[in-house]
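A.B. asks: Input: one structure, supplied below.
The values are calculated or read from the model by the stated rules, or taken from the named source; none is laboratory data. Quick caveat: nothing in here was measured; it's all calculated off a predicted structure. Backbone-built Cβ (ideal geometry, glycine too); neighbour counts: all protein chains shown. Keep in mind that these areas ignore ligands, DNA and RNA; they rest on the heavy atoms of the full protein, side chains included. Shrake-Rupley method; radii C 1.70, N 1.55, O 1.52, S 1.80 Å.
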Amino acid sequence: MTSQNIYILAIESSCDDTAAAVMHNGKILSNIVASQKIHEAYGGVVPELASRAHQQNIVPVVDQALKKAGLNKSQLSAIAFTRGPGLMGSLLVGTSFAKSLAYGLDIPLIDVNHMQAHILAHFIEEDHYEKPPFPFLAMTISGGHTQIVKVDSYSEMDVIGETIDDAVGEAFDKSGKLLGLGYPAGPEIDRRAKLGNPKAFAFTKPKVAGLNFSFSGLKTAILYFVQKQVKLNPNFIEENLNDICASIQYTIIGILIDKLKLATKETGINHIAIGGGVSANTGIRQALKDGEGKFGWTTYVPKFEYTTDNAAMIAIVGHFKYLDGDYADQSVMASSRLKI
Ligand code: KG4
Ligand code: ZN
């Protein structure tokens, strides 16, 4: 730990959560997230509405983060922000806000890659949390991403597998929509899966070579299956909902665990860190834990508030980049397809 006092204000606006956090020397002082409820009615994120909601939320969210941290703007060492990847209209709000604030306060501006941040969230200073040792494998699973990344250091990371179509969270949400569940459906499928039989219905796993994933075929398979069953029995969904949820979740977990097994085999790395909203899934957590005994790996799960989209994870990357003097200048632009 440094003898300097480093205060980072971080801003995250890549998708549908407007978030701000204040960090002091790697420890979180405040972590505020305003989730946008407006998308629930549409069954998915509407980019134009997300951008507008960010504009409404950003000032109060940043204000609240500073207040909760008990900090004045003049005490900040730097402003960190999510440059990408994400929705362009959403990223632009956070990027412009961060640029103006850093310019006005005459302090460094630090651009952060959202996917790197999901991974480095494991390094936020917290009591009672073990940090993964380098090198480790990070599996980032959410509504927007599905990646396996080989992490050699804070700054050296290689994506060794990713989805070629839908993200795993979309597989949960879109299957849930077919079953008439609300958005996002992941938590509801998780809850119902505990009450159902995971082997009641079998869905074929996609055949994708290597460490890449595909989830769009699964969604179609579930759609055809449900349509066929409903023709035979109009009450099929209501009568079998828990079993359907358990079977879908079981299939998705199987896909993730198969790829992790292959990734540990190919890299010889047995430390696995997970992140992203889907890592909240109790079935996935259990399967990862079971794998410790079965496959000899060790798993690391950060505090829940650091797994879904948040600004604390942006702050920790900002902290590391501040220590390295790795700053952005005012010409930096949001980048919706930014790579790790
Ligand atoms: O990280 P996140 O909050 O936002 C991004 O998508 O970046 O992740 C949201 C996703 C949604 O698809 C939601 O259905 C899923 O995470 N999710 C879950 C669970 N909790 C959230 N999926 C399965 N089981 C859960 N318990
Ligand atoms: Zn994310």
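A.B. asks: Which residue is farthest from A138 (Cα to Cα), if the candidates are limited to the range 235-256 and must be surrounded by fewer than 18 Cβ atoms within 10 Å (Cβ to Cβ) and in contact (Cβ under 8 Å) with a residue 12 or more places away in the chain?
C.D. replies: Step one: list which residues in the range 235-256 are surrounded by fewer than 18 Cβ atoms within 10 Å (Cβ to Cβ), which gives 235-239, 242, 254.
Those still in the list that are in contact (Cβ under 8 Å) with a residue 12 or more places away in the chain too: 237, 242, 254.
Values: I237: 36, N242: 30, G254: 17 Å.
So, considering only residues that are surrounded by fewer than 18 Cβ atoms within 10 Å (Cβ to Cβ) and in contact (Cβ under 8 Å) with a residue 12 or more places away in the chain, the one farthest from A138 (Cα to Cα) is I237.
A.B. asks: May I ask you to say which residue of A80, A65 is of a type in the set (A, V, I, L, M, F, W, C), buried (at least 18 other Cβ atoms within 10 Å of the Cβ) and in a helix (DSSP H, G or I)? If you could, list the steps in order and put the result at the bottom.
C.D. replies: Details: A80 fails: in a helix (DSSP H, G or I).
Sole residue among the options that is of a type in the set (A, V, I, L, M, F, W, C), buried (at least 18 other Cβ atoms within 10 Å of the Cβ) and in a helix (DSSP H, G or I): A65.
A.B. asks: Looking for something within 16 Å of ligand 2 (Cβ to nearest atom), in a helix (DSSP H, G or I) and touching a His at 6+ places or on another chain (Cβ under 9 Å) - is there at least one such residue anywhere in the range 27-41?
C.D. replies: Narrowing the range 27-41 to residues within 16 Å of ligand 2 (Cβ to nearest atom): 31, 33-36, 39.
When the remaining residues are screened for being in a helix (DSSP H, G or I), the result is 39.
The next check asks that each one be touching a His at 6+ places or on another chain (Cβ under 9 Å); those that pass are none.
No, that holds for no residue.
A.B. asks: Consider K199 carefully, then state whether it is more than 16 Å from ligand 2 (Cβ to nearest atom), surrounded by fewer than 19 Cβ atoms within 10 Å (Cβ to Cβ) and part of a helix (DSSP H, G or I).
C.D. replies: Numbers: more than 16 Å from ligand 2 (Cβ to nearest atom): yes; surrounded by fewer than 19 Cβ atoms within 10 Å (Cβ to Cβ): yes; part of a helix (DSSP H, G or I): no.
When the stated conditions are applied, K199 does not pass them.
A.B. asks: Answer yes if at least one residue in the range 124-133 is of a type in the set (D, E, K, R), within 21 Å of the chain's Cα centre (by Cα), modelled with pLDDT of 95 or more and within 14 Å of ligand 2 (Cβ to nearest atom), and no otherwise.
C.D. replies: No, there is no match, as no residue in the range 124-133 is of a type in the set (D, E, K, R), within 21 Å of the chain's Cα centre (by Cα), modelled with pLDDT of 95 or more and within 14 Å of ligand 2 (Cβ to nearest atom).
A.B. asks: Mind checking which residues of the range 177-189 are under 12 Å from L241 (Cα atoms), open to solvent by less than 30 Å² (accessible area, probe 1.4 Å) and touching a residue at least 40 places away in the same chain (Cβ under 8 Å)? Step through it out loud before you land on a result.
C.D. replies: As a first pass, look at the range 177-189 and keep what is under 12 Å from L241 (Cα atoms): 178-181, 188-189.
Within this subset, residues satisfying the condition of being open to solvent by less than 30 Å² (accessible area, probe 1.4 Å) are 179, 181, 189.
L179, I189 - these are the residues of the range 177-189 that are under 12 Å from L241 (Cα atoms), open to solvent by less than 30 Å² (accessible area, probe 1.4 Å) and touching a residue at least 40 places away in the same chain (Cβ under 8 Å).
A.B. asks: H145 fails exactly one of the following numbered conditions: (1) open to solvent by 50 Å² or more (accessible area, probe 1.4 Å); (2) modelled with pLDDT under 95; (3) within 15 Å of ligand 1 (Cβ to nearest atom). What is the number of that condition?
C.D. replies: So the condition that H145 fails would be (1).
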